[in-house]
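The values are calculated or read from the model by the stated rules, or taken from the named source; none is laboratory data. Quantities reported herein were computed from a predicted structural model and do not represent experimental measurements. A quick note on method: Cβ atoms are made from the backbone with ideal geometry, for glycine too, and the neighbour counts reach across all protein chains shown. Just the protein is used for accessible areas: all its heavy atoms, side chains included, with ligands, DNA and RNA removed. Shrake-Rupley method; radii C 1.70, N 1.55, O 1.52, S 1.80 Å.
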Amino acid sequence: MSKRGRVLVAMSGGVDSSVAAVMLHEQGYEVIGITMKTWDYAASGGSSKETGCCSLDSINDARSLAVSYGFPHYILDIRGEFGDFVIDNFVDEYIAGRTPNPCVLCNTHIKWEALMKRANMLDCEFIATGHYANIRLHDNNRYVISKGRDENKDQSYVLWGVTQENLARTQFPLGSFTKAEIRQMALEMGQKELAAKSESYEICFVPENDYRAFLRHKKPTLDQEIGPGNFLLSDGTVVGQHIGYPYFTIGQRKGLGIALGKPMFVLEILPESNSVVLGEEHELEKSQAFVRDVNLVKYASLDQPMEAVTKIRYKDSGMLSTITQQGSMMQVDFTHHVKGIAPGQSAVFYEGDDLLGGGFLMK
């Protein structure tokens, strides 16, 4: 084993994880690459060529890079665990009238646990990924995730659920670099095609980013079981019919299938009556939110209310707020109104660049 130690690197075949693996290799770590097969495109109802991190091309790209640098590479089939947990949860959340956050669940419950299990089998001291985030040991002896240097690529938002035990053995080699710098590194490695690889911002297992078709594919009787329902205004007035509440999300404006003479947005989803409440944009504004299943990262607990910046979606810039812990829940009081609080999505709390923790938004 090298003096730096042995590290298991999650390699998707993309530019980020590939450069991360090479960086650690060149720093003197004994690198072992691993690519996780999480899903089958055909099983998800896809009709076009398989793409993304689970495609045969991506797996081959990861293996080819590992071979060229002389370190081993393995393929880990976790389709069973992924489907049973992440995909089933995705469907169940929409049926419950919530908007799921599959990337958080995948990171927390599937990928990190699968990596740690295999790392232990291979006697690896560390695991590493290509996430744009940083990690350090704080003076309170807790491992803290902080934002990556590249503000446009920072991925700390999807990492709030990773446990202290797993963070203690995790490395993020790309945290202090920008995406442009990583692409340049790939070019300097002689990996021209890798450097030019495009990125997907879609949910990896939803073909063509059509979640409605995906829900129908996974639950063919969904339309028969739920059927059409009513569009309501905030005062309960029925203004039309919709195709079924699971096909809508909070804040949605396009694709409603109804015209009321002015822009209307989804304000609330009521599964018990198969109703979707519509309203104008200002009606989306709220000053308070409650968050469940909270995992704190920087501190073990919050003994008193504290000021924090809370993000309610990945690309949200965040809003100053006061957060108050209530057991496994968090009360969030925003200093200004925020729009589109969607139950099921993540609320993530920051102290400066440091990730305090996060959880799932409630109604």
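Calculated FRET efficiency, Glu26 and Ala259, Cβ-Cβ r, R0 56 Å, to nearest 0.05?
Given R0 = 56 Å and the Cβ-Cβ separation, E is 0.45.
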Euclidean distance of C-alpha centroids, the stretch 311-341 and the stretch 113-176, integer Å: 24
Identify all lysines with a Cα-Cα distance to Lys363 below 23 Å; exclude those on the same chain that are fewer than 8 residues away in sequence. Lys254, Lys286, Lys311, Lys315, Lys339
Among 171-177, 270-276, the order from most to least packed when residues are scored by Cβ within 10 Å on average: 171-177, 270-276
Once you place label points 7 Å from the Cα toward the Cβ at Asp210 and Ala96, how far apart are they in nm? 2.8
Relative contact order [Cα under 8 Å, 6+ residues apart], the stretch 160-254, whole percent: 12
How big is the equivalent ellipsoid of the stretch 200-317 along its three axes, where each semi-axis is √(5λ) from the Cα gyration tensor, reported in whole Å from largest to smallest? 30, 21, 15
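Per DSSP H run of n ≥ 4, the term is -39500 (n - 2.57); total these for the chain, divide by its residue number, and report the mean residue ellipticity at 222 nm rounded to 500 deg cm²/dmol.
-6000 deg cm²/dmol
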Give the residues of the stretch 111-154 whose amide nitrogen is closer than 13 Å to a point set 7 Å from the Cα of Arg6 in the direction of its Cβ. 118-127
Can you find, among Tyr350, Asn120, Asn107, the residue sitting farthest towards the positive end of the charge dipole of the chain, where Lys and Arg contribute +1 and Asp and Glu -1 at Cβ? Asn120
Cα axis of helix 179-188 to longest principal axis of the chain: angle in degrees, 0 to 90, nearest 10? 30
How much length, in nm to one decimal, is gained on full extension between Arg292 and Thr221, taken as 0.36 nm per residue of separation minus their Cα-Cα distance? 22.5 nm
Cβ neighbours within 10 Å, averaged per peptide: list 107-117, 136-146 in order, most packed at the top. 107-117, 136-146
Based only on the alpha carbon positions, what is the Kirkwood hydrodynamic radius of the stretch 225-279, in angstrom? 10.9
Those residues of the stretch 256-286 whose amide nitrogen sits under 14 Å from the label point placed on Ser234, 7 Å along Cα→Cβ: 264-268, 277-286
Say the dipole of the chain comes from +1 at the beta carbon of Lys and Arg and -1 at that of Asp and Glu; which of Gln164, Met330, Leu24 then lies farthest toward its positive end? Leu24
Once both label points are put 7 Å beyond Cα along the C-beta direction, the Asp139-Glu280 separation in nm becomes 5.2
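So what is the accessible area of the chain per residue, in Å², with the probe set to 1.4 Å?
Details: 16770 Å² over 363 residues.
On a per-residue basis, 46 Å².
Could you give me D for the chain, from Stokes-Einstein at 25 °C and 0.890 mPa s, where the hydrodynamic radius is the Kirkwood radius over C-alpha pairs? Units µm² s⁻¹, please.
112
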With the charge dipole of the chain built from beta-carbon charges (+1 for Lys and Arg, -1 for Asp and Glu) about the Cα centre, the Cα from Asn274, Gly229, Met36 projecting farthest to the positive end belongs to Met36
The chain - charge dipole about Cα centre, Lys and Arg +1 at Cβ, Asp and Glu -1, debye rounded to 20: 480
Counting only backbone N atoms under 20 Å from a point 7 Å out along Cα-to-Cβ of Glu193, the residues of the stretch 66-80 in range are 66-71, 73-75
Say R0 is 41 Å: what FRET efficiency, to the nearest 0.05, do Ser273 and Ile75 get from their beta-carbon distance? 0.30
Rounded, prolate or oblate for the stretch 285-361? Axes are the square roots of the Cα gyration tensor eigenvalues, ordered a ≥ b ≥ c, and the cut-off for rounded is a/c under 1.5. rounded
